[in-house]
1. If a residue must be in contact with a helix residue (DSSP H, G or I) (Cβ under 6 Å, 6 or more places away or on another chain) and assigned to a strand (DSSP E or B), how many such residues does the stretch 175-203 contain?
2. Please indicate, with yes or no, whether at least one residue in the stretch 457-464 is surrounded by 22 or more Cβ atoms within 10 Å (Cβ to Cβ) and assigned to a strand (DSSP E or B).
3. How many residues are more than 16 Å from ligand 2 (Cβ to nearest atom) and of a type in the set (V, I, T) if we restrict to the stretch 267-314?
4. Do we have E113 as under 28 Å from the mean Cα position of the chain (by Cα), assigned to a loop (DSSP other than H, G, I, E, B) and either surrounded by fewer than 17 Cβ atoms within 10 Å (Cβ to Cβ) or not hydrophobic (A, V, I, L, M, F, W, C) (or both) here?
5. Can you tell which of R69, R97 is under 20 Å from I306 (Cα atoms) and buried (at least 19 other Cβ atoms within 10 Å of the Cβ)?
6. Quick one: how many residues across the stretch 240-260 are more than 11 Å from ligand 1 (Cβ to nearest atom) and either crowded, with 16+ Cβ neighbours inside 10 Å or within 26 Å of E283 (Cα to Cα) (or both)?
7. Check V137 against each of (1) under 29 Å from T213 (Cβ atoms); (2) modelled with pLDDT of 95 or more and name the one condition it does not meet.
8. From the list S320, S329, S349, pick out the single residue that is farther than 28 Å from L205 by Cα, away from ligand 2 (no atom under 16 Å from the Cβ) and at pLDDT 95 or above.
Amino acid sequence: MILKSGIFEPNKHGYNENVDVDLLNAWNAIVSHSPQYPEGFFQYSLHISDSLGAFRGLPTTSHESCNFRSYTLPESSQAKVSVVISFHNEARSMLLRTIVSLIRRTPEEYLHELIIVDDKSQDATLLDDLKRWLGRVFATQSRLGLIFLTNQERRGLIWSRNRGAILASGHYILFLDSHCEVNDGWLKPLLERLALNPHMAVSPLLDLIDPETLSYRRGNEMLKGGFDWSLHFHWLKRRLGRKERPEAPYKSPSFSGGVLMISREWFLKLKFFNPNLKIWGGESIELAIKLWLCGGQIEIVPCSRIGHIFRRFHAFEFPSERDFTELNSPERSSAQSTYLHNSKIIAESWLDEYKNMFYALKPAAKGIPLNDTTTEELQQFKHERDCHRFQWYLWNVSPELRFNLEKLSATGTLQNEDRCLYARNQKDSKKGRQLILNSCYSKDITQWSLWSTGQLSTQRELCLGVGLGRRLSLEPCARTETLRQAQQWVRTGTHLMHTATHLCLDNPIKDQLELNPCRSQAVSQSFQFALEMERQT
Ligand code: UD2
Ligand code: MN
């Protein structure tokens, strides 16, 4: 359904005063029909969200120079923006505030349409209510298209965003989560960059909306987006070049998240988000690799600010997949299986020979069946677009990932006989982690990395060290030579010897770990990594 009509007469604030009254009525009508939800359902405070209203002022979080700059923009007739929002079980008040912030803080001449996809939410009347009320309030805004879509069954965020993108008719598409508030002036800095290079994709700097208080805080512009070899997203430190200002747009190996803007034509040429990815996860990493390798670029633009609620846990269930039943239970959740499935597609599609790194860190991915009918299509796409190989990405886009590889001696699970070294979280978080041996296939079995510094670290950057009384411990990895001494290991055959004490890692009693004098024949002292780097062998 597309609602378009009437004439919009902005007052000095840019908005028709009647809109405020209509908006208040709409807010009351939409929010008062909200179903009851159990406490904590959304992983943010529903109570506060319901009390904030449809629109609120936000602190200015961009650098002050951003406001004084004039942006070189394309004619609005050449830069229409379609916004695609897919949601599954979002609070009514939250979704409404996301939409209203967009309409109010986007110059009318650029905002072409909003495409809102309900990915089979429990609240079955939400979309109809939105349709009715938003139509009434904003139909007066002459050129704005409102398109509402419902998925007959739950299809996930990736499929739904593609569905929206197929229908979009603007020059640019902004993908947005359903719990965001755009800040003043968010659009122009992004548009300016996109207009400079049609193969660019841009991200705003994401500000932080606190899930408990919904207070709005400034995001950090000294970070860029990246990922590790298990294909999990990571923030990376941004280093400023000489004379580079912190508010200047900067290149990023990956998106800082799924909030991004790209030309529609280019997105279509790139064949959308990979439609083989399921439900949630990995699509922005995949798009990032695809962009960089196939002639595109990614920038984060700090003068553009959009607030997002970063939640600690998923607020939705993942449908369990028939193909995953074996992998789902009981050790792995559907969320983890889905992410693993998606990561495997990325590894298989783009990592070339480096996919061995991924499999070493995620051995369970080997058993996941993939529907590989698309391989040929992908090969053809790479050929047509003359895409680089992944090695190019390591040299030209993400030296971090390359350094990570170059300084690594061995990685993956660390196996002793039929068990693996496991840094288990203890119930009392103050007690740190307990070191034991556990099944190599258990849900969160630790992936270790042995570095050229001699340090043996977990993915959370805790290093295995030796403390008082020669007890093994896990501490934050030391950065200086002196502090590092307690954390240094050297390999003699398959033994791991602690350099300072000359004692070896040992498993003399079932599942317990100790340090003991080294005995070359002792099987209990033999530890093997899942992946040895080539130069070691
Ligand atoms: C991040 C990204 C998100 C996406 C995701 C990985 C940011 C700000 N967010 O996760 O854009 O890239 O990583 O896929 O970086 N949703 C559906 N159907 C579903 C599940 C979710 O429509 O089956 C919606 C959901 O209501 C939300 C959006 O998808 O609007 C993203 O989900 P999220 O907010 O749980 O993901 P987030 O922010 O942890
Ligand atoms: Mn989100």
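1. The total comes to 7.
2. Checked the stretch 457-464: at least one residue is surrounded by 22 or more Cβ atoms within 10 Å (Cβ to Cβ) and assigned to a strand (DSSP E or B).
3. Total meeting the criteria: 4.
4. no
5. Within the list R69, R97, the selection yields R97.
6. Selection size over the stretch 240-260: 7.
7. Exception for V137: condition (2).
8. S349
The values are calculated or read from the model by the stated rules, or taken from the named source; none is laboratory data. Since the model is a prediction, treat every value here as computed from it, not as a measurement. Here Cβ is always computed from backbone atoms with ideal geometry, including for glycine, and neighbour counts include all displayed protein chains.
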